[in-house]
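Let me begin by presenting the structure, written as structure tokens, before commenting on it.
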Amino acid sequence: MADWPAQADYRDALQNVATALRADVLHVCPDGEVERNKMKVPRARAGAFATVYKLICPGGGATALKLFNFPSPDRERRYRAVDTFIRGLGKNQPAGLVGFRYESEGIFVKVRGQRMAFPVQTMDWVKGESLGKWFIDAMTRKDTAAVRKMADLWAQLVDGLQRARIAHGDLQHDNVMVVNNAPMLVDYDGMVVPELEGDDQLEFGKPAYQHPKRVEQKLSLGIDHFSAWVILIALRAAAADPGLFTRYNVQTDNENLLFTGDDLSSPKTSALWGELLKFKADPDVPGWAD
């Protein structure tokens, strides 16, 4: 990948955002400046497939710049399909999504002395806390009313996605941010829109939120259904009986809401499913669990 930028190449380019980003990309955050570390170098948040930089907007807010670690024509096709579909929704875009754009030639970087254009994904920088942290904090302070309200807002968010014919693809506590006490979705790498139905999956989500047979599926607009129910059941059940939170989160040091991967892969031996099927504190929960 001699003609693809190394991390140092991206950092060098972002020393001057105005010349690095194409005008329509920079338009999402006019006169923005990239966040820097103590050494005054652009601060990178590295991942396996991409590196994210924070573009701070002078008027308030920020934008995430996702720069890719290697080329992928299939990624380009998928991101473009998602971008085009969401743009086409216009004012009908469902609540719970943040601003998202993909540009195949959005950033100019010098590689081996030659200035070339490379893809960039931009997304509104969400200032909030993950649903996982929010849930633990709310349950710890015994604010079950807030958790019950979050369950209702979660159902509304999922309903809005389904009406818009969008599936997120990786619903789990770290991909849901709570902003002003409402859920917002981040990380659209696995998002599904109509054009992508039937494609192979690139990722399969966290085991504690996905059906064990998901690995056998192709992409579909219904791929969120199972994980959406897992989250809803966890919120509603914990709000009705805080003891569940104590037994299945606190005492087990569970990083998820209530469920674990073992609960989903071996439901017959799961103590949690056993409690939910006989749950009396919320009349909806047993039927949902069943």
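Could you list, in sequence order, all residues of segment 181-201 that are within 25 Å of Asp137 (Cα to Cα), open to solvent by 30 Å² or more (accessible area, probe 1.4 Å) and not in a loop (DSSP other than H, G, I, E, B)? Of everything in segment 181-201, those that are within 25 Å of Asp137 (Cα to Cα), open to solvent by 30 Å² or more (accessible area, probe 1.4 Å) and not in a loop (DSSP other than H, G, I, E, B) turn out to be Ala182, Met184. If you take the residues in segment 62-97 that are open to solvent by 50 Å² or more (accessible area, probe 1.4 Å) and touching a strand residue (DSSP E or B) at 6+ places or on another chain (Cβ under 7 Å), which one is nearest to Val109 (Cα to Cα)? Filtering segment 62-97 for residues that are open to solvent by 50 Å² or more (accessible area, probe 1.4 Å) and touching a strand residue (DSSP E or B) at 6+ places or on another chain (Cβ under 7 Å), the one nearest to Val109 (Cα to Cα) comes out as Glu76. With respect to Lys127, determine if the residue is assigned to a loop (DSSP other than H, G, I, E, B) and among the charged types (D, E, K, R). So Lys127 fits the description; yes.
Sort out which residues of segment 195-206 are in contact with a helix residue (DSSP H, G or I) (Cβ under 7 Å, 6 or more places away or on another chain) and either in contact (Cβ under 8 Å) with a residue 60 or more places away in the chain or under 20 Å from Glu275 (Cβ atoms) (or both), and write them in order of number.
Correct list: Glu195, Leu196.
Residue count for segment 23-34, restricted to those that are out of contact with any Cys (no Cβ under 8 Å at 6 or more places or on another chain) and open to solvent by less than 40 Å² (accessible area, probe 1.4 Å): 3. Answer with yes or no whether Ala20 is out of contact with any His (no Cβ under 7 Å at 6 or more places or on another chain), crowded, with 16+ Cβ neighbours inside 10 Å, more than 30 Å from Gln162 (Cβ to Cβ) and modelled with pLDDT of 90 or more. For Ala20, the condition - out of contact with any His (no Cβ under 7 Å at 6 or more places or on another chain), crowded, with 16+ Cβ neighbours inside 10 Å, more than 30 Å from Gln162 (Cβ to Cβ) and modelled with pLDDT of 90 or more - is met.
Taking segment 1-110 as the region of interest, the helices (runs of 4 or more DSSP H) fully inside it that hold 1 or more residues being of a type in the set (D, E, K, R) are 7-13, 23-26, 73-89. Take Asp263 and tell me if it is within 18 Å of Leu171 (Cβ to Cβ), of a type in the set (Asp, Glu) and modelled with pLDDT of 95 or more. When the stated conditions are applied, Asp263 passes them.
Here is a yes/no grid of residues against (1) outside any strand (DSSP E or B); (2) surrounded by fewer than 20 Cβ atoms within 10 Å (Cβ to Cβ); (3) in contact (Cβ under 8 Å) with a residue 60 or more places away in the chain:
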residue	(1), (2), (3)
Pro119	no, no, no
Trp134	yes, no, no
Ala138	yes, no, no
Asp152	yes, yes, no
Ala155	yes, yes, yes
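Here Phe204 meets the list (1) farther than 26 Å from Phe68 by Cβ; (2) open to solvent by 40 Å² or more (accessible area, probe 1.4 Å); (3) in contact with a Lys or Arg (Cβ under 7 Å, 6 or more places away or on another chain) almost entirely, failing just condition (1).
The values are calculated or read from the model by the stated rules, or taken from the named source; none is laboratory data. This is a predicted model, so every value here is computed, not measured. Cβ: placed from backbone, ideal geometry, glycine included. Neighbour counts: every protein chain shown. Areas reflect the complete protein model, heavy atoms only, side chains present, ligands, DNA and RNA absent. Shrake-Rupley method; radii C 1.70, N 1.55, O 1.52, S 1.80 Å.
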